[in-house]
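A.B. asks: A single structure is presented below for examination.
Just so it is clear, none of the values below were taken in a lab; they were calculated from the coordinates. All values reported here derive from a predicted model rather than from experimental measurement. Backbone-built Cβ (ideal geometry, glycine too); neighbour counts: all protein chains shown.
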Amino acid sequence: MASSPMRYSSLVTRIASDGAEGWAVHHLAMQAEERGQDVIVLSVGDPDFPTPQPIIDAAVDALRSGDTHYASIPGRHTLRSAVAADMARRTGLDLAAENVIITNGTQGALHQASLCLLEEGDEVIALQPMYLTYEATLRMGGAALVSVAQPSTNGFRPDVGAIASAITPATRAIAITTPNNPTGVILTAAELEGIAALAREHDLWVISDEVYSDLLFEGEHISIASLSGMAERTVTVTSLSKSHAMTGWRVGWAVGPSELITHMDTLQLNVNYGVPGFIQTAAYEALVSYRSASNEMRDAYRRRRDIAAAILAECTHIDVLVPEAGMYVMINVERVADSVRAFTEQLYAQKQVSVIDASAFGQAAAGWVRVSFTIGDDRLAEGCRRIVEFVNESADHCGMTGADGANK
Ligand SMILES: Cc1ncc(COP(=O)(O)O)c(C=O)c1O
């Protein structure tokens, strides 16, 4: 067909992201897996566990008993109250249903918060590496994204001074992710206090993505909303996707000041009319009766993290960043690869293991590869052994010797 003379809104440019190429290997691996080929997919952020059966039963029962009509747009009062109570227990904040909106996952909450807080002429600071939808989502309403690197030389931890330097009169918000995808870094009380102090001083919103907060291996998760003077300027977004292996259910929420929640409710009315009732019933079951389901998954992820880290650490040509939380381990392959993209392609071609070039999460992660541990222990171990083999062969190929490969 000849190229179309039809015009599109400027939105299509803002939502176009150049990270997509980095996922080509992942898509190839998924197709090969569907064909039954022996590939090991370490490139996905989707838990391999099934959603716990009682949660599925709750949804099926709700459907059978006629819960198939429009549901309350911001979410049912019972579920919103349960989320408020859960967040109040974690933070000590005084929260009610009015502080909560039920959304299509964390992504839905991020999208709505972004459109209700940011517009043309605004700047939003986000810390790199960042989850790959942030760029498009935060820019959707016309705001400019200012990314501040959390340098790998500093363990991918935030540099509060660099965040302060990025603030201008146009800055409206700071977006943070704790624990982080892809690094697994959990922000400490001191780091969060540094960011909170900037937000209070410059009168900024904080958008805090806490979707991995139930999958902690070490340390403590702190919601920035719980810090002094922050509840009124923070929107916390999260979901059941990772905590309860419910990625496909598309259910999560935002917690924030009731005025913001009212605006997000109006937006939701005009975008998707809310989350289906039977899914809300299942979410209530997950939150109220199966809160601890995430503990079992967290323990399995911790065991897998240790398996992956132990095997990868045997390889002297790479550095391993052992995550404090989440479902990914990062390795630095710069000493054996001039191009990380080519490394991931050749690893897949030669060893049938798919991983992600972490620069898809921003240049701050250039040189790094993200390895997911969302598969069973034995396959994970096999995948990591194949990565080590491939790295050692690459090192031999370029004539590297010694533990640090310093002659490359
Ligand atoms: C940091 C981060 N935020 C948001 C999401 C999207 O999660 P949800 O399924 O809750 O929309 C993901 C998914 O991988 C993520 O890693």
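A.B. asks: Computed FRET efficiency, Cβ-Cβ of ALA197 and TYR8, R0 51 Å: what is it to the nearest 0.05?
C.D. replies: FRET efficiency, ALA197 to TYR8: 0.75.
A.B. asks: Comparing THR234, THR137, THR68, which has the greatest mean-square fluctuation in the GNM of the chain with Cα pairs linked when under 10 Å apart?
C.D. replies: THR68
A.B. asks: Still on this model: Explain nothing, just the number: relative contact order of the chain, from Cα pairs under 8 Å at least 6 residues apart, as a whole percent.
C.D. replies: Worked out over the chain, it gives 23 percent.
A.B. asks: Follow-up. Kindly express, to the nearest 10 degrees and within the range 0 to 90, the angle between helix 24-34's C-alpha long axis and the longest C-alpha principal axis of the chain.
C.D. replies: 90
A.B. asks: How many angstrom lie between the Cα centre of the stretch 320-341 and the Cα centre of the stretch 165-183?
C.D. replies: 23
A.B. asks: If you don't mind, another one. Could you work out which residue, out of LEU42, LEU347, LEU93, moves most in a Gaussian network model of the chain, that is, has the largest mean-square fluctuation with Cα springs under 10 Å?
C.D. replies: LEU93
A.B. asks: Could you check the spin-label model distance between ASP67 and ALA342? Points 7 Å from the Cα along Cα→Cβ, value in nm.
C.D. replies: 5.4
A.B. asks: Going by alpha carbons, how many degrees (0 to 90, nearest 10) lie between the helix axis of 53-64 and the longest principal axis of the chain?
C.D. replies: The answer is roughly 40 degrees.
A.B. asks: Same structure, new question: Most fluctuating residue of ILE174, ILE224, ILE55 in a GNM of the chain with Cα springs under 10 Å: which is it?
C.D. replies: Of the options given, ILE55 has the highest mean-square fluctuation.
A.B. asks: Can you give me the long-range amide H partners of ALA149? Hydrogens built in the peptide plane at 1.01 Å from N, cutoff under 5 Å, separation of 5 or more residues or another chain.
C.D. replies: GLN128
A.B. asks: Share of antiparallel DSSP beta bridges in the chain, in percent to the nearest 5?
C.D. replies: Values: 19 of 40 bridges.
Here the share of antiparallel DSSP bridges comes out near 50 percent.
A.B. asks: Counting chymotrypsin sites (Phe, Trp or Tyr not before Pro) as exposed when in a DSSP loop with at most 14 other beta carbons within 10 Å, what is the longest stretch of the chain free of them?
C.D. replies: That would be 71-272.
A.B. asks: Where the Cα atoms of the stretch 272-384 are projected onto their three principal axes, how long is each span, largest first, in whole Å?
C.D. replies: Computed over the Cα atoms, the extents are 51, 33, 25 Å.
A.B. asks: I'd like the Karplus ³J(HN,Hα) series for the stretch 354-368: coefficients 6.51, -1.76, 1.60, θ = phi - 60°, whole numbers in Hz, and an x wherever there's a Gly or Pro.
C.D. replies: Each residue's phi maps through the Karplus curve to give 9, 9, 10, 5, 5, 5, 4, 9, x, 4, 4, 9, 5, x, 10 Hz.
A.B. asks: Just to confirm my numbers, what's the Cα centroid distance between the stretch 220-298 and the stretch 74-128 in Å?
C.D. replies: When both Cα centres are located, 7 Å separates them.
A.B. asks: Whole-Hz ³J(HN,Hα) for each residue in the stretch 113-129, computed from phi via Karplus 6.51 cos²θ - 1.76 cosθ + 1.60 with θ = phi - 60°, x for glycine and proline: what do you get?
C.D. replies: 4, 4, 5, 7, 10, 10, 8, 3, x, 8, 10, 10, 8, 10, 8, 9, x
A.B. asks: Out of all DSSP beta bridges with both ends in the stretch 53-288, state the antiparallel percent to the nearest 5.
C.D. replies: 30
A.B. asks: Hey, another quick one. What is the ratio of the Cα radius of gyration of the chain to 2.2 N^0.38 Å, where N is its residue count, to two decimals?
C.D. replies: Against the empirical 2.2 N^0.38 Å value, I get 1.00 for the chain.
A.B. asks: Calculate how steeply helix 293-313 sits against the longest principal axis of the alpha-carbon atoms of the chain, using the helix alpha-carbon long axis, and give the answer as 0 to 90 degrees to the nearest 10.
C.D. replies: Long axis of 293-313 versus the principal axis of the chain: about 20 degrees.
A.B. asks: Based on the Cβ-Cβ distance from ALA164 to ASP57, what FRET efficiency comes out when R0 is 56 Å, to the nearest 0.05?
C.D. replies: About 0.65, to the nearest 0.05.
A.B. asks: Which distance in nm do the two modelled labels at ALA189 and HIS397 give, with both placed 7 Å along the Cα-to-Cβ direction?
C.D. replies: 4.9
A.B. asks: Could you pull out every residue, at least 5 positions away or on a different chain, whose amide H is within less than 5 Å of the one on ALA175? Hs are placed 1.01 Å off N in the peptide plane, and Pro or chain starts have none.
C.D. replies: For ALA175, the qualifying residues are ILE125, ALA126, LEU127, ILE207.
A.B. asks: Can I ask one more? Starting from the 7 Å offset along Cα-to-Cβ, what nm value, one decimal, do you get for the label separation of ILE15 and ARG303?
C.D. replies: Distance between the two pseudo-spin positions: 4.1 nm.
A.B. asks: Mind jotting down a quarter of the surface of the convex hull over the alpha carbons of the stretch 53-288, in square nanometres, one decimal?
C.D. replies: Working: hull surface 48.7 nm².
The orientation-averaged projected area of the Cα hull of the stretch 53-288 comes to 12.2 nm².
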